[in-house]
Every structure is written in C-alpha cells, then in structure tokens.
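The values are calculated or read from the model by the stated rules, or taken from the named source; none is laboratory data. Predicted model, so just to flag it, every value in this text is computed and none were measured. Here the Cβ is made from the backbone with ideal geometry for all residues, glycine too, and neighbour counts use every protein chain on show.
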Amino acid sequence: MLKMIPMLEHYNPPVTDTLSIKPSFKPYNVRKTMPTTASLHPLIVHAPLVLIPAAVVFTLLSLFWSKGGLRIAAALLLAAGVATAVLATETGEAAEHRAEQMMPELEDISDPGSVPQAVAEGSLLETHAQLGEMTRNIYGLLLLIEGGLLFLTEPMFARLRGGRSLPAGVARLTRGLWTTAAVAGLALVVLTGHYGGKMVYDHGVGTTRDAQTTSSVQTP
C-alpha cells in the first residue's frame, strides 16, 4: 500500500518529546492560601462582641417573659459568646506576635486615657489584650453560674435533680446579682472592642499600614 504512495513510503513523522512541554499555568500554592492563626483573629473577634450583649438582652427579656425559652436561648448565646471569646484571645496572641514583627514600635504606642493607664500603664496593645482576657474570664464564670442556676431552678431538670430545687428567695437574689454583673460586664466588652478598633483605625495595626511602616524603617 505504501509503495502505491511514494511520498508516504519515505515519510517519518517527527517525534515530539512530550516531557519537555512546560505547563502554561503556575502550580497552586496551598500553603499561602491557608489561613494562619493570626489572620483568624479579625474574623473571630467580632463574634463575642455581638453574642455576649445579645445574651444579656435575652436575659433581661426573660425577666419579664419567663415562658418562651428566652432564658435557655440566653444561656446558649452566652455559651457561644464565651467560646468565641476563648478563640479570640488565643488567636489574638498569635496576632500580637505577628504585629510586633511587622511593627516593632507597637509596644511603644500608648494612650493617655484613664482606662489604659489603670489597666496596662498606658500601653494600648496590652490594654486591649487584658480587657479581652477579663471579658473571657468574667463571662466564663457567669456561664458556669447560670448553668448551675438553670439546673437547680428550671422544671425541665427536675427529674435529674431528684425533685429538689433552689429556694425561691435564694434563686431570685442570685439571679438578680447575676444579671447585675452581666450588665455591668458589658462595659468590658465595649472597651475591648473600642481599644482594638483604635489600634486598627488610628495606628494601622494589622493592616497594610504597618507593613509600609516596617519597610520604611528598614530602608536606609
């Protein structure tokens, strides 16, 4: 058959080295796209700032409408708020270390306000960190107390506690003190968010401004 077609008889197709072909795309770098612990702090920190006040609001509403599950909802919101507060403080430590590397003068940033002076001798960074830890600890303790009160007073747990309940007078007094502490603690929540916002919006901590500051300092 090839002899009938002279041109094909001596035709040798070129051999292409497929291994030498380079892909036109760059490989996907998974490590660069994975979120770091420090990068999660700005995402998580807003959760307790919303959940904890919402839990206090639901608690206040439950004082006027005892039926309807408002108190249980308040306890669940508080549990979520405390859990995210724990995550916020843990990721905040990583964010603090990263920010200090990017912005060496971060520790020198001070605030003349009475709260930073009383909490951390004027250090804005330490004020935000310590207020966050205080918020986590106080509302974590309140969560444990509320869990105990719910167990000792709510009818749904009567079978588990063998029919015994906390005396009504003691329950009212304890819950009144608990509610007072929860409302007063909102000042810590507000101050934690306030001084965190001052670091970001007034001094550029955690934004592109701190990277620019670092590059300008390192440039001779």
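Among the residues of segment 165-185 satisfying the criterion of being outside any helix (DSSP H, G or I) and either among the acidic types (Asp, Glu) or touching a residue at least 12 places away in the same chain (Cβ under 8 Å) (or both), which is farthest from residue 57 (Cα to Cα)?
Only one residue fits best here, namely 165.
Quick one: in segment 111-153, of everything that is hydroxyl-bearing (Ser, Thr, Tyr) and out of contact with any Leu (no Cβ under 6 Å at 6 or more places or on another chain), which residue is surrounded by the fewest Cβ atoms within 10 Å (Cβ to Cβ)?
114
Under the condition of being in a helix (DSSP H, G or I) and among the hydroxyl-bearing types (Ser, Thr, Tyr), which residue from segment 39-90 is nearest to residue 142 (Cα to Cα)?
59
Looking at the structure I just gave you, is residue 205 in a helix (DSSP H, G or I) and either under 15 Å from residue 96 (Cβ atoms) or more than 25 Å from the chain's Cα centre (by Cα) (or both)?
Taking the combined requirement at face value, the residue does not satisfy it.
Can you say whether residue 150 is at pLDDT below 95, in a helix (DSSP H, G or I), under 30 Å from residue 174 (Cα atoms) and not polar (S, T, N, Q), as far as the supplied structure shows?
Yes: the conditions hold for residue 150.
Consider only pairs whose beta carbons are under 7 Å apart and that are at least six residues apart or on different chains; among these, list those whose first residue lies in segment 83-109 and is acidic (Asp, Glu) and whose second residue is modelled with pLDDT of 80 or more and in a helix (DSSP H, G or I).
96/125; 96/129; 107/125
Working only within segment 81-95, note down all residues that are at pLDDT below 90 and either buried (at least 20 other Cβ atoms within 10 Å of the Cβ) or of a type in the set (S, T, N, Q) (or both).
92, 95 - these are the residues of segment 81-95 that are at pLDDT below 90 and either buried (at least 20 other Cβ atoms within 10 Å of the Cβ) or of a type in the set (S, T, N, Q) (or both).
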